[in-house]
Amino acid sequence: MDKKWWHNSVVYQVYPRSFCDTNGDGIGDIPGIISKLDYLQNLGIEIIWLSPVYQSPMDDNGYDISDYQAIAPEFGTMEDMDKLIAEARKRNIQIVMDLVVNHTSDEHPWFVEARKSKDNIYRDFYIWRKPKEDGSEPSQLGSAFGGSAWQYDEITGEYYFHLFSKKQPDLNWENKKVRKAVYKMMNWWLDKGIGGFRMDVIELIGKVIDEGIMSNGPKLHDYLKEMHQETLASRDVLTVGETWGVTPEIAKKYSNPEEKELSMVFQFEHITLCWDAKHGKWKPRPFDFVSLKKIFNKWQTELEGKGWNSLFWNNHDLPRAVSKYGNTQQYRVESAKMLATALHMMQGTPYIYQGEEIGMTNVRFESINQYQDIETLNFYKEKIAEGFTHEEMMNALWENSRDNARTPMHWDATENGGFSKGKPWLGMNPNYDSINVKAAIEDKNSIFYHYKKLIELRKSMPVITYGDFKLLLKEHPQIFAYMRTYEDERILVATNFSKDKAKFMLNEAVEVEDFRVLLSNYDKAYALVSELELEPYEAVVFGI
């Protein structure tokens, strides 16, 4: 596989609304991101994935776009955006934009025109169907945010399709004019000097409504190949697709360089492991650790040499990893470092979500009225109507609401965590007085410096980027351990995912006469590698 610049880079996701507010309106902005570039450079990241800053009515926090080539006023101006791209590049940081082209806002000029009449030239930019004879929805297809995926439009007497909010009508990718307009917009941004795109729910653009096919439709990969040819082929950029329904076989189609589609995809099998078959994340299942290891092993081994992995625990749609898989009561620092080690030493491009590097935690808002997320609010109503109790839903929100990741960033212990001098758009997590960037920078044993070391190791050791992966102790109920081998380099990673001590013995295949400790989250001496007792949430990386 040809080596790419993004193979050993680490991505940092910025959720602009919650990152840093410079004008006191309680909403993070682009000048706020610029003001923190030195901090991100210090961490060692080389790519920022920027959640949407485009013009939007903000029904879904910017994932409902009304103008792809304008900046939302609450975030700043296009001049601010140009400055961010330039200032980031000075620090060897690329800006990857969020590409949201499965749908637009209902306030986008295309849709404003499309709903005027059935023969409008933009009508076929979207998906319309006549009502059934009784006037009801064309089908039983549901929205990912709850309720029907069809919305009646009184102007023309037809329904339009929306897989998400009713203010997010889906684009009709079968229309070549839609595709050409999207590619033109992508090239406009690429010409500005951005480093690529994270593609929101990209697997849905190939859907076939009348056959009920949503993800991975028959023309999906044709569209992506066409997109690559029209926008990406002549550029050295990073592209990552959000793909909830992907398998390793499909992931190879996306990310094998020979296929000429994307650099990599996000797969969510390790995330949905804790979801209920019927109620999804709103009825969480217990964490199955042995299954988690098997999922990681599958993706590491099956994509090796034929595709590329994205490595992540968190993003703007997911709970905080240390709250989900770690221990925020007694071992927050240890478990946050352990989770980072387990992930970053695998093959793939690691993603850090803002605040992860200081161990930010889930928030426990006491009232449903404190939540802002449209998905959270919709499903709260829907599940209560289905018979869930208020207590059951609040427990589900505390564990899995998207607002867990969206509480504003903690910069210091001053009011509002240094995020804003105004009232934050979403309530602060009250633990910002102890968990914040300033405290992390001042503590040489902090989670921040552990992430910094992980990034430095990746830069200095090709085995971390290109080594093969061998899972050890597959059935061990506490330990996730694996070997990475590349040319004459070998590392052994051993992590304890539990609050109890854990022992293990490795077989003779691991030669351990000569080893050095590359990184550990405990200050202790190691006499042997093949026979160890790990402390609660201990993580250690050996060069062997």
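Where a number appears in this text, it was derived from the coordinates with a stated rule and is not lab data. Predicted, not measured: the structure shown is a model, and the values here were computed from it. Methodologically, a virtual Cβ is constructed for each residue, glycine included, from the backbone with ideal geometry; neighbour enumeration extends over all protein chains shown.
Between the helical axis of 332-344 and the dominant principal axis of the chain, each derived from Cα atoms, what acute angle in degrees is found, rounded to the nearest 10?
So the helix axis and the longest Cα principal axis differ by about 80 degrees.
Extending each Cα 7 Å along its Cβ direction at THR389 and ASP412, get the distance between those two points in nm, one decimal.
4.5
Could you tell me the relative contact order of the chain? Use alpha-carbon pairs under 8 Å, at least six residues apart, and round to a whole percent.
Values: 1112 pairs, mean separation 71.7, N = 544.
About 13 percent, as a whole number.
With semi-axes √(5λ) of the Cα gyration tensor in Å defined as stated, name the option among [x] 33, 30, 24; [y] 39, 26, 24; [z] 43, 27, 22 computed from the structure displayed.
Here semi-axes √(5λ) of the Cα gyration tensor in Å agrees with entry [y].
Any chance you could run the full-extension gain for ASP276 through SER460? It's 0.36 nm times the residue separation minus the Cα-Cα distance, nm to one decimal.
Numbers: separation 184, 0.36 × 184 = 66.24 nm, distance 4.12 nm.
Taking ASP276 through SER460 to full extension adds about 62.1 nm, to one decimal.
Tabulate in residue order the Karplus-calculated ³J(HN,Hα) for region 523-539, using 6.51 cos²θ - 1.76 cosθ + 1.60 with θ = phi - 60°, rounded to whole Hz; enter x for Gly and Pro.
Along region 523-539, the couplings run 8, 8, 8, 10, 8, 10, 9, 6, 9, 9, 10, 8, 6, x, 6, 6, 9 Hz.
What length, rounded to one decimal in nm, is gained on full extension from GLU531 through to LYS177, with 0.36 nm per residue of separation minus their alpha-carbon distance?
121.2 nm
How big is the gap, in Å, between the Cα center of region 325-339 and the Cα center of region 243-278?
Using only Cα atoms to place each centre, the spacing works out to 27 Å.
Cross-link partners among aspartates and glutamates for LYS423, C-alpha distance below 13 Å, same-chain residues fewer than 8 apart left out?
Once the sequence-local aspartates and glutamates are set aside, what remains near LYS423 is ASP21, ASP25, GLU415.
Which shape class applies to region 344-434: rounded if a/c is under 1.5, otherwise prolate when a/b exceeds b/c and oblate if not, where a ≥ b ≥ c are the square roots of the Cα gyration tensor eigenvalues?
oblate
Search the structure for amide H atoms under 5 Å from the amide H of ILE352, placed 1.01 Å from N in the peptide plane, and list their residues when 5 or more places away or on another chain.
VAL11, TYR12, GLN13
Pairing the Cα long axis of helix 390-400 with the longest principal axis of the chain, what angle in degrees results, from 0 to 90 and rounded to the nearest 10?
Helix 390-400 sits roughly 70 degrees off the main axis of the chain.
Give me the distance between the Cα centres of region 284-303 and region 17-62, rounded to whole Å.
Each part reduced to its Cα centre gives a spacing of 32 Å.
Please state the relative contact order of region 296-401 as a whole percent: Cα pairs under 8 Å, 6+ residues apart?
Values: 91 pairs, mean separation 31.7, N = 106.
With pairs under 8 Å counted, the relative contact order is 30 percent.
For region 275-355, what number of Lys pairs, 8 or more residues apart or on separate chains, have alpha-carbon atoms under 27 Å from each other?
Final tally of qualifying lysine pairs is 23.
Can you pull the one-decimal nm distance between simple spin-label points at TYR152 and HIS228, each 7 Å off the Cα toward Cβ?
4.5
What number, rounded to the nearest 500 deg cm²/dmol, is the helix-based mean residue ellipticity at 222 nm of the chain, given -39500 (n - 2.57) per DSSP H run of at least four residues and division by all its residues? Could you put the intermediate results ahead of the total?
Details: 17 runs with 153 residues, N = 544.
When only DSSP H runs of four or more count, the value is -8000 deg cm²/dmol.
Counting other Cβ atoms within 10 Å, which GluC sites (Glu not before Pro) in region 475-505 have at most 15 and lie in a DSSP loop? Show your work: numbers first, answer last.
Values: sites: GLU475, GLU487, GLU489; in loops: GLU475, GLU487.
Sparse-neighbourhood loop GluC sites (Glu not before Pro): GLU475, GLU487.
Which whole-number percent is the relative contact order of region 468-543 (Cα, under 8 Å, 6+ apart)?
After rounding, I find 33 percent.
With θ set to phi - 60°, apply the Karplus curve 6.51 cos²θ - 1.76 cosθ + 1.60 along region 155-166 and write out the HN-Hα couplings as whole Hz, x wherever there is a Gly or Pro.
4, 10, x, 10, 9, 10, 9, 9, 6, 10, 5, 5
Straight-line reach from LYS83: which lysines have Cα under 16 Å away, leaving out those fewer than 8 places along the same chain?
The reachable lysines, counting only those whose Cα sits under 16 Å from LYS83, are LYS36, LYS192.
Taking LYS132 as the anchor, which aspartates and glutamates have their alpha carbon closer than 13 Å to its alpha carbon, excluding any fewer than eight residues away along the same chain?
Counting by Cα, and skipping residues close in sequence, LYS132 has these aspartates and glutamates nearby: GLU158.
Using the basic label-point model (7 angstrom from Cα toward the beta carbon), what is the VAL112 to LYS499 distance in nanometres?
Going by the 7 Å Cα→Cβ label model, 5.5 nm.
In whole angstrom, note down how far apart the Cα centers of region 388-441 and region 64-121 are.
27
Starting from the Cα-Cα distance between ASP119 and LYS423, subtract it from 0.36 nm times their residue separation and give me the gain in nm to one decimal.
Stretched fully, the ASP119-LYS423 segment lengthens by 104.8 nm.
Enumerate the amide H contacts of VAL246 below 5 Å, restricted to partners 5 or more residues apart or on another chain; note that Pro and chain-start residues carry no placed amide H.
Excluding prolines and chain starts, which carry no amide H, the hits are PHE268.
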